[in-house]
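Colleague: Could you have a look at this structure, given as structure tokens, before my questions?
The values are calculated or read from the model by the stated rules, or taken from the named source; none is laboratory data. As the structure is a prediction and not an experimental result, all values here were calculated from the model. We place every Cβ from the backbone using ideal geometry, glycine too, and count neighbours over all the protein chains shown. Heads up: the accessible areas ignore ligands, DNA and RNA and are worked out on the full protein's heavy atoms, side chains in. Shrake-Rupley method; radii C 1.70, N 1.55, O 1.52, S 1.80 Å.
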Amino acid sequence: IMAWLLQPEREKRPQSCAALLKHPLFDSSSDTNKHTETLHFAAATGDVRLLDRLLGNSGDDAAPSCTNPLLGETALHRAAKEVQVAAVRALLAAPGIEVDALDAFGNTALHAVLHLLAQEDSEEDDLMSTVELLFDAQANLELEDDESRSCFDLIRTSKVPAVESGLVDPVPVICAP
């Protein structure tokens, strides 16, 4: 199922969490990873109603910072990478969220979005909304990825049009308490 979810071509990915959960490879009989997988699928597909239901559970199984064993991603990573703004907002509002959690490659959710923004064919409006949400959540701009690049470095040195034009100013975020 993760291979299906990680399809490089967005149109070949599942368009809803419900469609993904109906896939025969999803083993709904196993409670071990069921909540974590469902949380990640809901984040990836932007199913905010399901996210709210899962995040409303009091059990640790629904914690938004549970990681996917394959890539070490949290649901926030997945929502950010899929540019699911509403899901990012819902996850950031959840108690216990780790905005600076690192995936297996040393990337935070903000790193992931900044990498997407640097691509020429990016959908900039939703990506910028996601960046702003992560800034508001006080993501640490000094954390470095596996290539020793901090989010601040990515912002400063990238060709991100919104940064170059001054629409995003990372300096106030660094000075935030």
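Colleague: If you go through the range 101-141 one residue at a time, how many are in a loop (DSSP other than H, G, I, E, B), touching a residue at least 24 places away in the same chain (Cβ under 8 Å) and open to solvent by 50 Å² or more (accessible area, probe 1.4 Å)?
Modeller: Number satisfying all stated conditions: 7.
Colleague: Given the structure, is residue 97 at pLDDT 80 or above, open to solvent by less than 80 Å² (accessible area, probe 1.4 Å), in a loop (DSSP other than H, G, I, E, B) and among the β-branched types (Val, Ile, Thr)?
Modeller: Yes; evaluated as a whole, the condition is true for this residue.
Colleague: While we're looking at this one, here's another question. Which residues, counting only those in the range 117-131, are at pLDDT below 85 and among the hydrophobic types (A, V, I, L, M, F, W, C)?
Modeller: Residues satisfying the conditions are 117, 118.
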